[in-house]
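The next block holds one structure in the form of structure tokens; read it before the comments.
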Amino acid sequence: MTAVAETPVPAVEPAPAPAPDAGAKPRDILIICYSGELEKTWATMILATTGAAMGAKVRVFLTFWGLQTFVKDQKRITGEGMMQKMMSFMQRPGISHRKLSKMNFLGMGPWMMGKLAKQYNVASPKELLEIAQSMGVEFMPCQMTMDMFGLKKEDMIDGLGEPVGAATVIALLQGGDAPLFI
Amino acid sequence: MSTEQVAQIVDAKGLSCPMPIVKTAQAAKGLASGQLLEVLATDPGSTKDFTAWAKATGNELVEQTVEGGVYRFVLRKK
């Protein structure tokens, strides 16, 4: 210990490490899914499913690039105006069309990742998403991102919650949710 | 060796993280309190993961063995 006390303090017995109360209600988990890259989508899905498996209530707030992941796979162009359409054209939405942040090589990287995942029996983000939904993980789209990208409810995959704003996120954090920003 | 009857077996051999835990949680849901669940996995990380899962969920890790690269866990539903 390097703490310096100006007045001598009586020796205090070190408090025992808080013993996790087996079976006590675990903290809720709030994942802020901000990024749209393949590897980060994967991390989000693995942690969301595992959180649910560990008995925690898991919510995932979908915002900015993270929301694009939850557009239906078969949607190619989304949005109303030219700029919104161009945005979706430049970065194809949908969970099966994620790119890697590094080593993308025009899709070679994700293709190789997919091959390796199959070889090692790693569930794909899409499979994990379905499992997460079946385990009661709640997905909350960001209303502002929906508006900015011109996304409509029918563009999005089934089973998402009602769109919410940052205040909902902050209120959950203030309420004690364990936060993950991915 | 426990002599009690195992109510369900989860075969998670060959599966990678997080599937052994996810499949176990899904199977545990369908069991009644006190029933035993047996899990078979080949993921070496599962030794620590199943201890953590049992601790977090309050289910009891009754038995843990490894044989020929197959990890076997017996869990009692809370």
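Structure notes:
- Looking only at residues of the stretch B:42-63 that are part of a strand (DSSP E or B) and in contact with a Leu (Cβ under 7 Å, 6 or more places away or on another chain), we find that the one that is farthest from A:Lys25 (Cα to Cα) is B:Val62.
- Within the stretch A:46-68, the set of residues being touching a residue at least 40 places away in the same chain (Cβ under 8 Å) and away from chain B (no Cβ under 14 Å) comprises A:Arg59, A:Val60, A:Phe61, A:Leu62, A:Thr63, A:Phe64, A:Gly66, A:Leu67, A:Gln68.
- For the residues A:Lys152, A:Lys115, A:Lys99, the requirement of being out of contact with any helix residue (DSSP H, G or I) (no Cβ under 9 Å at 6 or more places or on another chain) and among the basic types (Lys, Arg) singles out A:Lys115.
Here's the yes/no breakdown for (1) assigned to a helix (DSSP H, G or I); (2) at negative phi; (3) surrounded by 13 or more Cβ atoms within 10 Å (Cβ to Cβ):
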position: A:Lys118; (1), (2), (3): yes, yes, no
position: A:Asn121; (1), (2), (3): no, no, yes
position: A:Ile131; (1), (2), (3): yes, yes, yes
position: A:Gly161; (1), (2), (3): no, yes, yes
position: A:Ile170; (1), (2), (3): yes, yes, no
position: A:Gly176; (1), (2), (3): no, no, no
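- The residue of the stretch B:1-20 that is surrounded by the most Cβ atoms within 10 Å (Cβ to Cβ), among those that are facing chain A (nearest Cβ under 9 Å) and more than 19 Å from A:Val58 (Cα to Cα), is B:Leu15.
- A single member of A:Gly136, A:Gly109, A:Gly150 is surrounded by 13 or more Cβ atoms within 10 Å (Cβ to Cβ) and outside any helix (DSSP H, G or I), and it is A:Gly150.
- Which listed residue is at positive phi and not hydrophobic (A, V, I, L, M, F, W, C), from A:Gly107, A:Gly114: A:Gly107
- Filtering B:Val66, B:Val39, B:Val10 for residues that are more than 26 Å from A:Leu128 (Cα to Cα) and assigned to a strand (DSSP E or B) leaves a single hit, B:Val66.
- When residues of the stretch B:21-72 are limited to those that are more than 14 Å from chain A (Cβ to nearest Cβ) and either buried (at least 21 other Cβ atoms within 10 Å of the Cβ) or of a type in the set (D, E, K, R) (or both), the one farthest from A:Ala56 (Cα to Cα): B:Glu67
- Looking across the stretch B:13-36, the residues that are outside any strand (DSSP E or B) and aliphatic (A, V, I, L, M) come down to B:Leu15, B:Met19, B:Ile21, B:Val22, B:Ala25, B:Ala27, B:Ala28, B:Leu31, B:Ala32.
Readers should treat all values here as calculations from the given coordinates under stated rules, not as data from a laboratory. In this text, all values refer to a predicted model and were calculated from it rather than measured experimentally. Positions of Cβ are backbone-derived with ideal geometry, glycine not excepted, and every protein chain shown enters the neighbour counts.
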